[in-house]
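See structure below.
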Amino acid sequence: MNRFSYLRATSIDEAMREAAADPTARFIAGGTNLIDLMKYNVERPTRLIDITRLPLNGIEETESGGLRLGALVTNDETAFDSRIQDRYPLLASAIQAGASPQLRNAATTGGNLLQRTRCYYFYDPETPCNKREPGTGCPAAFGRNRIHAILGTSDHCIATHPSDMAVAMAALQAIVHVRGPGGERAIPIADFHRLPGEHPEIDNTMLHGEIITSVELPPDGFSRNYTYLKLRDRLSYAFALVSVAAALRMENGTIAQARLALGGVAHKPWRDPAAEAMLQGQPATEDRFRAVADHILKDARGYQDNAFKIDLARRAIVTALSQAASGTPQSQIDKRIQ
Amino acid sequence: MNASRKGSSKLETVPVTLTVNGETKRLEVLPWTILLDLLRDHLKLSGTKKGCDHGQCGACTVLVDGRRLNSCMAFAVMKDGAQITTVEGLARNGDLHPLQQAFIDHDAFQCGYCTPGQICSGVGLIEEGRAHTRDEIREYMSGNICRCGAYTNIVDAIEQVIGADAEAGR
Amino acid sequence: MLQEKGYIGTPRNRVDGRAKVTGEAKYAAEFDAPDLAYGIVVSSAIAKGRIASIDADAALAVPGVLQVFTHENRPRTAWFDINFRDETAPPGSPFRPLYDDKVVYSGQPVALVVAESFEIAAYAASLVRIAYEPETHMTDLDIQRDEAYVPPRKRTGVKRPPSPRGDPDGAFEQAPVKVHGEYRVAIEHHNPMETHASTVVYEEDGTLTIHDKTQGSQNSQSYVSSVFGLSSDQVRVISPFVGGAFGSGLRPQYQLFLAVMAALELKRSVRVVLTRDQMFTFGYRPLTIQTISLGANPDGKLVSIMHDAIQTTSPWEDYQEVVVNWSNLLYHCDNVKLTYRLSQVDTYTPIDMRAPGAALGVTAIETAMDELAYAAGIDPVELRLRNYAEMDEADKKYFTSKELRACYQLGAERFGWARRNPEPRSMREGRELIGWGMASGVWEAIMQRVAARAALTPDDRLEVASATADIGTGTYTILTQIAAETLGLPMESVTTKIGDSSLPKSPVEGGSWTAASAGSAVQKACLSVREQLFKYARRMDDSPLANASIEQVTFAGGRIHMTNDPSAGVTLQQAMQAGGVDRVEAEEKSSMGLLKNMRYSGYSHSAIFAEVRVDEELGVVRVTRIVNAVAAGTILNPKTARSQILGGVVFGIGMALEEESMLDHNLGRFMNHNLAEYHVPVNADVYDIDVIFVSEHEERLNPLGVKGLGEIGVIGTAAAIGNAIYHATGKRIRDYPITIDKLLG
Ligand SMILES: Cc1cc2nc3c(=O)[nH]c(=O)nc-3n(C[C@H](O)[C@H](O)[C@H](O)COP(=O)(O)OP(=O)(O)OC[C@H]3O[C@@H](n4cnc5c(N)ncnc54)[C@H](O)[C@@H]3O)c2cc1C
Ligand code: SF4
Ligand code: FES
Ligand code: FES
């Protein structure tokens, strides 16, 4: 654990100002990821800016007919909010599939998006890791990589982003609102997380000192035809090996619009617009779904332990699309695959 | 890793006020003092357990302002002003909370180490009012690992209390 | 004989239940002491080599840091490795913490940072910088298996495989039905919910009171005395509650050494608690590669059993457990070859983990037997009945009792086994394939010599005491039941004291021997108290019992009365008065070796039936139903006994589907060293578990007829689940845990 000075921010401006002034300062919200990493000495901020008392905690209607989730709304509040459950059940379902009730009571919208990879090596400062210490190497690529990526990897890092919530948000094309020294920005979620490339130490496109204020959900919640299917190493309280958020708009038995995002397979929630386009105007058939899955996974690459994820993801995509098309979303309580 | 080597400088503390099981506690602690350690080491309330210290087991579950949380995943200073209920605060005038009694009656523990966390989590679950079936209890209690494997008895105990509450119209 | 059946055999709530649900029960890290200092362990980054340098300056400069202990400044301890041997140490030279600059495994403790508070220690520990000179390490059993050897020295209490009998190779060659395969179970770590911890209280007179997480307070005590050259009255170990252990507490772990070392040096009380990650830096269930060949006639009768196992051990100790012997214990066969070898890898020495050996060996043989059932076209239960061992053939002994047949029968009935269509993939519901599988379990009923004291005082309070432990097993409760019943007192009048090295002598709590051994000792001590009381009672003036013999009286409700005339009696108080004493006390030892050189072997048995549902497309497995029928002699308390079996089954579910400590052989390090990535079953993984205790008359092992239950619940469970998965999917997985990836395709 590093020593740090603590500030309870009373305004967003103060929080931003304080953060900007200190390159090692960090915001803290639910703390469930940052404290975890600080205890492992993976994160060593010298200044901690507590943002939990900032007024960023409501769920509000937007002018366009969507909802705006405050950055500090807890995952549990979101998942059990009746508006979210009615209009964005995909998001509610994805959040419920993650972590545990206790953690969801603490975890926040902003913190969840910014949680870091669960790569074993990243978490263990006694081992090399390019993400933790650039230039030291990526032992995961030649070591244990059951939980690692199969898409969008680089020679420098094969880590995944562990969030379930973010996968649903990717399918819903949410917009992340941030505020920083340079003003406000609205970042489409697709551009929010990045691939590791040569700089795996950088998870996303936020700048130091920027604060997430809210996440905006566009009006269309795909509340009829959706599913969040999560596959993992036990039936609850485990990160995804592969997860699929599927959202369809069905018109007379054909797919009018499709959104598909994958979790557990890449450094960011994985979307493939070309694959989604392959569904447009098509009937919902397994053959079609398989073709889409093949397309998404055509460049997938497996490593020692995780090659099975390619096959698993293929099957999961087909199952998820079938669930979404037939309006039988995966229950997060009943563990039978629907 | 840019460890600060300013080792010898004085370690600054921060004030924290918490209401723990109805009693107000004022403390001065290092900023990185974790709520769980504050309870166990500083307040000597060792009923709340440390099983992993990383949010992975639920042994440290307490109720913070009525909601169940992993106390190992919270800096105490961030909870300044909060109402905390630990396992020590569940019994009233020596009468066990119905869930504590149900745990005894259903033998819902063996070594007892996960038990305070299970019970606080169970009390939180009952308050949330979302669990009605065994499937729901199982899922919503999955944040509490019991290595002794008392799960089926834990579900029995919680189901009994939920059932009794429902009958009593609570 | 006991005339009254009051408590023994009846379901009772745990006597320590209230303490556990209120948080009053105190575990090792929860005892307080004035000026308590906190120690945090720094673990090695490399698997092998030497420590080139340790820079602790920054840590030492933090206000409140008391000391950073390393091999360079370690205070003097015993020199000889023999002093580090503990009661359960396997042959070899035990690991000595901070001994020198050598690193022999990844995660080895290399420094202890001690400070005024946990927070200061945590910060300071992060400032310690260590430089290493690595050497080549080897952790891969697949490479090392060629180096396997028969351990030259046998581990005490662990039977070697018997010599081969008949012509197993020839018989296998000619057998019309054959099964041959390699079976693996991944490395597991015990991961009790309480991490290992020691609070060493430095008393004013310089003696130590130690609260240690251990399965044997006296084992820890003698280790500390021997290592630090203290006399036994300078060290007392008290561990009234143990937050699970499953074997990890059978040996003193390094936090004990470090805490004592620091306390002696600083002359101050010290607590050292291991982190969850450090729970992966000592013993584990060894990786085991088993090869089994079974030859049978068309009727399924075995003509050859060959079972070989290779296990990992450390370079410094020859850990051993009984892996292969079970095959012939379960099944009759004239041509048998059982072999067991070790192979050294650069990890810590394995430690017994719940049902050591059997959990592995039985998983393999019971998977192979299922394969044989299919190869021969015989129902798996029927196959087992046809090969039922009536004798311990290796030792040529009869069983003290063996109701395994009844286990098969009652288990099958409860489960509905008769409705099973043997055809794989023959049952489905929607997307899910349903499978039913079964397996047998067997575990040795072991007796140890345990001493216990019983003392009755005038207020009708009975105290029983023994240095044994309760790690969740229910020891407190069953000892209380036995004592209360023997003296005819209410359970509330009995106080049971255990987990304290100052109490009458007991070995570590483990191997399922505690109920039988400590229970027998307590019973014996209480019977002695009974006899004394009865003697006094007869001596009383006008005693209504003057002409009675002890067989004719009953102890009940705080009285001794004629069995045939309850009105004729005296109170225990009157008897004590008559004897002129205000305390009646006796200490007795359980007798072991009752069976030595005799014609009997004692084993508990079980039959496990499992239903799984497997998503055909995605390989998601749900274990929806387990029936475990257990024959283990007398069941002292069906309530806590059932919990023991439930817990064992959950352990078995973990072994079957989830648990695997993943080594990175490049780094020689376990990488998923936490509970987020080392998966143990959570509540959602566990559906219905039905436990049946098959009645089994046992009179040879001990007067109580107890065999023990701590291990048997695990044994066979993984195989039953694996066999059910085969039945569901047609896929035979011989490599546990059966994770999703193994079922795809
Ligand atoms: C055992 C375990 C299991 C888990 N399982 C799952 C799972 O299955 N699925 C899943 O999705 N997640 C899982 N999680 C992760 C959990 O969801 C995240 O830890 C949580 O969402 C993080 O939110 P937080 O508010 O606690 O973040 P914090 O820990 O407070 O912050 C995380 C990061 O975000 C930054 N930050 C936070 N808020 C803001 C803001 N508004 N603006 C700018 N920066 C900010 C912080 O500086 C920090 O760097 C699990 C966690 C644990 C410990
Ligand atoms: S995968 Fe990424 S996070 Fe993991 S070791 Fe490699 S660089 Fe580090
Ligand atoms: S100790 Fe907090 S979750 Fe394990
Ligand atoms: S009772 Fe021991 S871990 Fe749950």
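Assorted remarks:
- When a 1.4 Å probe is rolled over the protein heavy atoms, the share of accessible surface on the protein assembly as shown that falls to carbon and sulfur comes to 48 percent.
- Counted by Cβ distance under 10 Å from C:Pro681, the other residues give a net charge of -1, where Lys and Arg count +1 and Asp and Glu count -1.
- Rounded, prolate or oblate (a/c below 1.5 giving rounded, otherwise prolate when a/b exceeds b/c) for chain A by Cα gyration tensor: oblate
- Accessible area of C:Trp326 (1.4 Å probe, protein heavy atoms only, ligands and nucleic acids ignored): about 10 Å².
- Under 5 Å from the amide H of C:Thr495 lie the amide H atoms of C:Leu462, C:Glu463, C:Val464, each residue being 5 or more positions distant or on a separate chain, with H modelled from the backbone and absent for Pro and chain starts.
- B versus A: buried accessible surface, summed, Å² (probe 1.4 Å, to nearest 100): 3600 Å²
- Helix runs (DSSP H) in chain C reaching 27 Å along axis by Cα, Kyte-Doolittle at least -0.5: C:514-539, C:638-657
- Each residue, C:Ser695 and C:Arg599, gets one label point 7 Å from its Cα in the Cβ direction; the gap between the two is 2.7 nm.
- Our summary of shape: the Cα atoms of the stretch C:1-85 have principal axis extents of 69, 36, 26 Å, ordered from largest down, in whole angstrom.
- Looking at the stretch A:1-53, the accessible area is 33 square angstrom per residue; that uses a 1.4 Å probe and ignores ligands, DNA and RNA.
- Gained length - C:Arg461 relative to C:Glu531, 0.36 nm times residue gap less alpha-carbon distance: 23.5 nm
- Accessible surface computed residue by residue for the stretch C:448-592, with neighbouring protein chains in place and a 1.4 Å probe, gives 36 Å² per residue.
- About the centre of its Cα atoms, the stretch B:12-89 shows a dipole size close to 240 debye [charges on the beta carbon of Lys, Arg (+1) and Asp, Glu (-1) only; nearest 20 debye].
- Considering only the Cα atoms of the stretch C:448-592, their convex hull presents on average a projected area of 8.4 nm².
- Positive end of the dipole of the protein assembly as shown (Cβ unit charges, origin at the Cα centre): among C:Pro162, B:His132, C:Phe241, the Cα lying farthest that way belongs to C:Pro162.
- Label point distance in nm, B:Thr13-A:Glu133, each placed 7 Å from Cα along Cα→Cβ: 3.5 nm
- When the Cα positions of B:Cys146, B:Ile162, B:Gln101 are compared along the charge dipole of the stretch B:98-167, B:Cys146 comes out farthest toward the positive end, with charges on each C-beta of Lys, Arg, Asp and Glu.
- Note on the stretch A:213-319: with charges restricted to the Cβ of Lys and Arg (+1) and Asp and Glu (-1), its dipole about the Cα centre is near 220 debye.
- Shielded by partner chains, the stretch B:130-150 residues - at least 40 Å² of accessible area, 1.4 Å probe, vs chain alone: B:Arg130, B:Asp135, B:Arg138, B:Glu139, B:Tyr140, B:Ser142, B:Gly143, B:Ile145, B:Arg147, B:Cys148, B:Gly149
- Members of the stretch C:670-686 that become less accessible by 30 Å² or more once partner protein chains are added (1.4 angstrom probe, chain alone as reference): C:Met671, C:Leu675, C:Ala676, C:Glu677, C:His679, C:Val680, C:Val682, C:Asn683, C:Ala684, C:Asp685, C:Val686
- Taking Lys and Arg as +1 and Asp and Glu as -1, the other residues whose beta-carbon sits under 10 Å from that of C:Ala451 total +3.
- Linear extension gain, A:Ser11 paired with A:Ser223, 0.36 nm per residue minus alpha-carbon span: 72.7 nm
- Accessible surface, the stretch B:26-161, averaged per residue in Å² (probe 1.4 Å): 25 Å²
- Degrees, to the nearest 10: B:151-167 long Cα axis against longest axis of chain B: 70 degrees
- Put simply, chains A and C cover up around 3500 Å² of each other's accessible surface, both sides summed, when a 1.4 Å probe is used.
- Length-normalised contact order of chain A in % [C-alpha pairs under 8 Å, at least 6 apart]: 17 percent
- Positive-pole candidate from C:Tyr678, C:Asn723, C:Gly705, dipole of the stretch C:612-745, charges at beta carbon: C:Gly705
- Number of partner chain Cβ atoms within 10 Å, mean per residue of A:104-110: 3
- Peptides C:673-679, A:176-182 ordered by packing proxy, namely the average of other Cβ atoms within 10 Å per residue, highest first: C:673-679, A:176-182.
- Compactness of the stretch C:244-388 as Cα Rg over 2.2 N^0.38 Å, two decimals: 1.43
- Across peptide A:41-47, the mean count of Cβ atoms from other chains lying within 10 Å of each residue's own Cβ comes to 3.
- Magnitude of the charge dipole for the stretch C:221-370, about its Cα centre and with charges confined to Cβ atoms of Lys, Arg (+1) and Asp, Glu (-1), is about 620 debye.
- MRE, 222 nm, helices only [DSSP H, n ≥ 4, -39500 (n - 2.57), over chain C, to nearest 500]: -7500 deg cm²/dmol
- Between C and B, accessible area buried - total, square angstrom, nearest 100, 1.4 angstrom probe: 5000 Å²
- Of the Cα atoms belonging to the stretch B:30-170, the radius of gyration and Dmax stand at 14.6, 48 Å.
- In the protein assembly as shown, one over the average inverse separation of all distinct C-alpha pairs is 31.7 Å, which is the Kirkwood hydrodynamic radius.
- Virtual spin-label span in nm between A:Arg336 and C:Thr207, 7 Å along Cα→Cβ: 6.5 nm
- Between the stretch A:254-329 and the stretch A:21-40, the Cα center-to-center distance that results, in Å: 34 Å
- At R0 = 35 Å, FRET efficiency that the Cβ-Cβ distance of C:Glu24 and A:Glu184 yields, to 0.05: 0.05
- Test item: C:653-660 mean partner chain Cβ contacts at 10 Å: 2
- Three-way shape call for the stretch A:268-338 based on the alpha-carbon gyration tensor, with the a/c threshold at 1.5: oblate
- Kirkwood radius and radius of gyration were both taken over the C-alpha atoms of the stretch A:225-326, and their ratio Rg/Rh is 0.97.
- Taking every alpha-carbon pair within the stretch C:481-551, the share separated by more than 18 Å comes to 52 percent.
- From the alpha carbon centroid of the stretch B:107-147 to that of the stretch B:35-85 is 16 Å.
- Three-way shape label, the stretch B:12-89, alpha-carbon gyration tensor, a/c 1.5: oblate
- Highest-first packing order for the peptide set C:361-368, C:617-624, A:22-29 is C:361-368, C:617-624, A:22-29, based on the mean count of other beta carbon atoms within 10 Å.
- Residue-wise HN-Hα couplings along the stretch B:123-140, as the Karplus relation 6.51 cos²θ - 1.76 cosθ + 1.60 with θ = phi - 60° gives them from phi, are 5, x, 4, 5, 4, 4, x, 9, 9, 10, 10, 5, 4, 5, 4, 4, 5, 7 Hz; Gly and Pro carry x.
- Measuring heavy-atom accessible area with a 1.4 angstrom probe and counting protein chains only, the residues of the stretch B:96-129 that give up at least 30 Å² relative to the chain alone are B:Leu96, B:Ile104, B:Asp105, B:Asp107, B:Phe109, B:Gln110, B:Cys111, B:Tyr113.
- Of the peptides C:686-695, C:715-724, the ranking by mean beta-carbon count within 10 Å, highest at the top, reads C:715-724, C:686-695.
- Pairs of Cα atoms farther than 35 Å apart, chain C, %: 48 percent
- The tail of the calculated P(r) for the stretch A:130-196, taken as Cα-Cα distances beyond 17 Å, holds 55 percent of the pairs.
The values are calculated or read from the model by the stated rules, or taken from the named source; none is laboratory data. Predicted model, so just to flag it, every value in this text is computed and none were measured. Every residue, glycine among them, receives a Cβ derived from its backbone with ideal geometry; neighbour counts consider all protein chains shown. We work out accessible area using only protein heavy atoms, side chains counted, and drop any ligands, DNA or RNA first. Shrake-Rupley method; radii C 1.70, N 1.55, O 1.52, S 1.80 Å.
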